[in-house]
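Remarks on the structure that follows.
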Amino acid sequence: MRHILSLLLENEAGALSRVAGLFSARAYNIESLTVAPTEDPTLSRMTIVTSGSDDVIEQITKQLNKLIEVVKVFDLNEGRHIERELMLVKIRSEGKDREEIKRTADIFRGRVIDVTDRIYTIELTGTRDKLDAFLEAIDSAQILETVRTGASGIGRGEWILRV
Amino acid sequence: MQLSGAEITLRCLAEEGVEYLFGYPGGAVLYIYDEIFKQDKVKHILVRHEQAAIHAADGYARSCGRPGVAIVTSGPGVTNAVTGIATAYLDSIPMVIISGQVPTRAIGLDAFQEVDTVGITRPCVKHNFLVKDVNELATTIKKAFYVATSGRPGPVLVDIPKDVSQHLAEYSYPSSVTMRSYNPVIKGHAGQIKKAVQMLLEAKRPMIYAGGGVILGDSSHLLTQIVRELGYPCTNTLMGLGAYPATDKLFVGMLGMHGTYEANLAMQNCDVLLAIGARFDDRVIGNPEHFFQSGRRIIHVDIDPSSISKRVKVDVPIVGNIADVAEEMLKQLHASDAKPDAQALAAWWKQIEEWRSRDCLRFDRSNTEIIKPQAVVEKLYEVTNGDAYITSDVGQHQMWAAQYYKFDKPRRWINSGGLGTMGFGLPSAMGVQFAFPNDMVACVTGEASIQMCIQELSTCKQYHLPIKIVNLNNRYLGMVRQWQELQHGNRYSESYMEALPDFVKLAESYGHVGMKIEKPSDVEGALREAFALKDRTVFLDFQTDQTENVFPMVPGGKGLSEMILGSEDL
């Protein structure tokens, strides 16, 4: 099953490679990984999307906790949470397609952030499924380039993850 | 007070009470070596290869319980050390390794003797640090010792660039250190312990399975008390030998791939299993599916949460320091009104004794022509009154040492159980001998393993280490040959040792005593003579039976009750 793990870790050189190294050394799946400093600059927040049986997820969580620089690990799947991913996509938009692509972007609440006479660059935020659905709605031959951040996640309501 | 990074390093080691620093100098650590020269608190031991420095520090730590400390230079110094570091990591040995690094301005420029030390060692250390600022050096070293020795112990590496060891900083050694991201669990959960004690007392066919964690946690006396009060059978893993006295009647021997018949069958057939400081690894329970064919309830005590439910699902997990958990268990045992089921226990012991009566460790003792390797270990046990520190290399001789030397005390059996590192025996024996200069130290080895760190005979000479090297020389990579016999149709691919040196002359050329023993009747005399030479390193080259195999054996991928007891089973 797909799980979203949220980590707080020391904002130190090498912490990222310890996490990445753990996943490759123990042959765990990694679908996406995002990381950036938090409002407390000594801490980084990392979101890892992974998948595995309950046993595997339990081991992943324990092994992450064992890393010295990891302060906290949360499995967001244990509670209600929100997941968002940002995608930038460059689409060939010429002639009659131009209007149609703009309309599709609107339906998905996307924004055109760069325009040339041949290309729209669209910014889209949402769950993985939504971003996938947008790409499926566009003729694949028109898609020139995509950049996705991987998911970031946060608990709902009072469920606050901090040190 | 402004001190150089090098001097700070030595001051910190002295503050930590480090007696010995095992190492080898080189360009990147020259400032540190200069400070080693100028002080007399920390004694440096010059080895002949960096791998041996780490193994020696490791042997020191395993035998006396204090962290081992080693120092190597950058580049090849570090890469040579990696085998030793991984060895310590797999067996959870507390150790601090200081490595030199090229100057900070040269890092990343493919400088002479530069490797990414933090990167190369990352998967085989508990933690590592690159010190970029001399002002952080003392705190980092303090943290290194704290991390290495607390929780589940392990090696920690501190990489110090050459310029950092040269730069000046104000020195004061922190008296303590806290890390918000590192808080090892100490106390076990009292509710879980209560459940465990209840389960233990309800058992009809109980079994206690203790591993290296009991030794690392200095809890052998508590384990012994628990086992004796309950009257339950106890087995130790290869890493746990000595955690429970091997000569006690409640001890059913080592378990696992080369464990005893009675230990493995009791493990397979018990209804309640207390696993303490052990991790159900593949050499211990064999095939996990087969293990689960007979149901049992499992209590698992370990300091590392990730060891629990890694290979087997357990019913009562208890995360905590073994000593604290064991003490609480005893307290609750004493408080409980329930008592073990005497009738069920008697029936269970009757069954175990029946298994024991198979005498699975028997071997041909009547042979007067060829030396049986098992007989050498038995004699070694007799001659040393079971009171020596025994290190070993890896292979058949290691298993025979584990099977036939009855360890009654913890920290007497020093071997590379997790990584299985050939070459470990001699350098680790040096570390043990430094920790216990007046005790008997023997390295049980084979003609193949000993050659992997043979250069340390020179270190033994320099420091007058009276180690006795018991070489079980069968002219084969014995364990490889055994597997080739069992699983590869007797095709002895590259497992015969040709062109062996004359070990007697070799020992003599290093200034030691060498003996070649070819007759069973000479075994005891040679051992007595060797141990009588209290101030000499002695190399005993026993020409042993070339065809002898280690039994019992649970073949790879098989279950514990699918043991081969001897060649007649093949």
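Provide B:46, B:506 in ascending order of the number of other Cβ atoms located within 10 Å of each residue's Cβ, fewest first. Present the calculation step by step, with values, prior to reporting the outcome.
On the way: B:46 13, B:506 18.
Fewest-to-most Cβ neighbours within 10 Å comes out as B:46, B:506.
Could you list which residues have their amide H under 5 Å from that of residue B:98, counting only those 5 or more apart in sequence or on another chain, with H placed in the peptide plane?
Amide H neighbours of residue B:98, under 5 Å, 5+ apart: B:70, B:71, B:72, B:158.
DSSP loop (so not H, G, I, E, B), at most 15 other Cβ within 10 Å: list which GluC sites (Glu not before Pro) in region A:39-143 pass both filters. Don't skip to the answer; put the middle values down first.
Working: sites: A:39, A:58, A:69, A:78, A:83, A:85, A:94, A:99, A:100, A:123, A:136; in loops: A:39, A:69, A:94.
Passing both the DSSP loop test and the Cβ count: A:39, A:94.
For region B:315-346, list residues with backbone N below 20 Å from a point placed 7 Å from the Cα of residue B:187 toward its Cβ?
B:317-336
Please report the spacing between the Cα centers of region A:140-163 and region B:212-265 in Å, no decimals.
Value for the Cα centre distance between the two parts: 51 Å.
Given charges of +1 on the Cβ of Lys and Arg and -1 on the Cβ of Asp and Glu, with all other atoms neutral, how large is the dipole of region B:358-441 about its Cα centre, in debye to the nearest 20?
180 debye
Please get the size of the charge dipole for region B:2-170, origin at its Cα centre, with Cβ charges of +1 on Lys and Arg and -1 on Asp and Glu, quoted in debye to the nearest 20.
That gives a dipole near 400 debye.
Label residue B:369 and residue B:247 with points 7 Å out from Cα along Cα→Cβ: what is the distance between them in nm?
Inter-label distance under the simple model: 3.5 nm.
For residue B:113 paired with residue A:51, estimate the spin-label separation in nm (one decimal), with each label point 7 Å from Cα along the Cα-to-Cβ line.
4.9 nm
Where in region A:130-152 is the amide nitrogen less than 12 Å from a point lying 7 Å along the Cα-to-Cβ axis of residue A:24?
The answer is none.
Based on DSSP, what percent of beta bridges with both residues in chain B are antiparallel, to the nearest 5?
5 percent
Taking 56 Å as R0, compute the FRET efficiency from the Cβ-Cβ separation of residue A:40 and residue B:498 and round it to 0.05.
Numbers: r = 64 Å, r/R0 = 1.15.
Calculated transfer efficiency: 0.30.
What is the calculated FRET efficiency for residue B:439 to residue B:529, with r their C-beta to C-beta distance and R₀ = 22 Å, to the nearest 0.05?
Efficiency, from the Cβ-Cβ distance: 0.70.
I'd like to know which of A:76, B:415, B:342 lies farthest towards the positive end of the charge dipole of the protein assembly as shown, counting +1 on Cβ of Lys and Arg and -1 on Cβ of Asp and Glu.
B:342
Please list 3J(HN,Hα) in residue order for region A:81-89, calculated via the Karplus relation 6.51 cos²θ - 1.76 cosθ + 1.60 where θ = phi - 60°; whole Hz, with x for glycine and proline.
8, 10, 10, 9, 9, 9, 10, 10, 9
Would you mind computing, in nm to one decimal, how far apart the modelled labels at residue B:490 and residue B:462 are, each placed 7 Å from Cα along Cα→Cβ?
4.8 nm
How about region A:34-129: which trypsin sites (Lys or Arg not before Pro) there lie in a loop by DSSP and see at most 12 other Cβ atoms within 10 Å?
Qualifying residues, ordered by number: A:80, A:96, A:109, A:118.
Report the trypsin sites (Lys or Arg not before Pro) located in region B:482-564 that are in a DSSP loop and have at most 14 other Cβ atoms inside 10 Å of their Cβ, or state none.
Within region B:482-564, the qualifying trypsin sites (Lys or Arg not before Pro) (loop, at most 14 other Cβ atoms within 10 Å) are B:491, B:534.
Which percentage, to the nearest 5, of the DSSP beta bridges contained in region B:2-170 is antiparallel?
Numbers: 3 of 25 bridges.
So the antiparallel bridges in region B:2-170 amount to around 10 percent.
Work out, step by step, the length gained on full extension between residue B:336 and residue B:508: first 0.36 nm times the residue separation, then minus their alpha carbon distance; give nm to one decimal.
Once the chain is fully extended between residue B:336 and residue B:508, it gains 55.6 nm.
Report, in debye and to the nearest 20, how large the dipole of chain B comes out about its Cα centre when Lys and Arg carry +1 and Asp and Glu carry -1 on their Cβ.
1000 debye
Just tell me which lysines come within less than 16 Å, Cα to Cα, of residue B:406; anything on the same chain fewer than 8 places away is out.
Within the straight-line cut-off, residue B:406 pairs with B:249, B:379.
In degrees, nearest 10, range 0 to 90: what is the angle between the Cα axis of helix A:54-66 and the longest Cα principal axis of chain A?
Value to nearest ten degrees: 70.
Between region B:59-121 and region B:295-356, how far is it from one alpha carbon centroid to the other, in angstrom?
With region B:59-121 and region B:295-356 each reduced to a Cα centre, they are spaced 38 Å.
When only C-alpha pairs under 8 Å and at least 6 residues apart count, what is the relative contact order of chain B, in percent?
The normalised contact order for chain B reaches 14 percent.
Hey, which of these cross-link pairs are over 19 Å Cα-Cα: A:66/B:310; A:62/B:126; A:66/B:143; B:195/B:331; B:195/B:350? Mind dumping the intermediate values first?
Values: A:66/B:310 14 Å; A:62/B:126 14 Å; A:66/B:143 16 Å; B:195/B:331 13 Å; B:195/B:350 28 Å.
In this structure, B:195/B:350 lie more than 19 Å apart at Cα.
Once the piece of chain linking residue A:125 and residue A:149 is laid out straight, how much longer is it, given 0.36 nm per residue of separation minus the C-alpha distance between them?
Numbers: separation 24, 0.36 × 24 = 8.64 nm, distance 0.99 nm.
That works out to 7.6 nm of additional length.
Which FRET efficiency value, to the nearest 0.05, do you get for residue A:77 and residue B:139 by plugging their Cβ-Cβ distance into 1/(1 + (r/R0)^6) with R0 = 30 Å? Kindly include the intermediate steps, with their values, before the conclusion.
Details: r = 38 Å, r/R0 = 1.26.
So, using R0 = 30 Å, E works out to roughly 0.20.
Rank B:118, A:35, B:462 by how far each Cα sits towards the positive end of the charge dipole of the protein assembly as shown (+1 on Lys, Arg Cβ; -1 on Asp, Glu Cβ) and give me just the farthest.
A:35
Starting from the eigenvalues of the Cα gyration tensor, five times each then square-rooted, give me the equivalent ellipsoid semi-axes of the protein assembly as shown, largest first, whole Å. Write down the numbers at each step before the final one.
Details: eigenvalues 491, 237, 131 Å².
So the three semi-axes of the protein assembly as shown are 50, 34, 26 Å.
Could you give the length gained on full extension between residue B:46 and residue B:313, defined as 0.36 nm per residue of separation minus the Cα-Cα distance, in nm?
91.5 nm
Can you divide the C-alpha Rg of region A:82-152 by 2.2 N^0.38 Å and report the result to two decimal places? Don't skip to the answer; put the middle values down first.
Working: Rg = 11.4 Å, N = 71, 2.2 N^0.38 = 11.1 Å.
Expressed relative to 2.2 N^0.38 Å, the Cα Rg reads 1.02.
Quick one: among A:14, A:153, A:110, which has the greatest mean-square fluctuation in a GNM of chain A with alpha-carbon springs under 10 angstrom?
Largest GNM mean-square fluctuation: A:14.
For the protein assembly as shown, give me the percentage of DSSP beta bridges that are antiparallel, rounded to the nearest 5 percent.
Given both bridge residues lie in the protein assembly as shown, the antiparallel proportion sits at roughly 40 percent.
From the Cα gyration tensor of chain B, with a ≥ b ≥ c the square roots of its eigenvalues, which class applies: rounded if a/c is under 1.5, or else prolate if a/b is larger than b/c, or else oblate?
Verdict is oblate for chain B.
Read-outs throughout are calculated quantities, based only on the coordinates presented, and are distinct from any laboratory measurement. Since the structure is predicted, the reported quantities are computational estimates derived from the model, not experimental observations. When we count neighbours, we look across all protein chains shown, and the Cβ atoms used for this are built from the backbone with ideal geometry, even at glycine.
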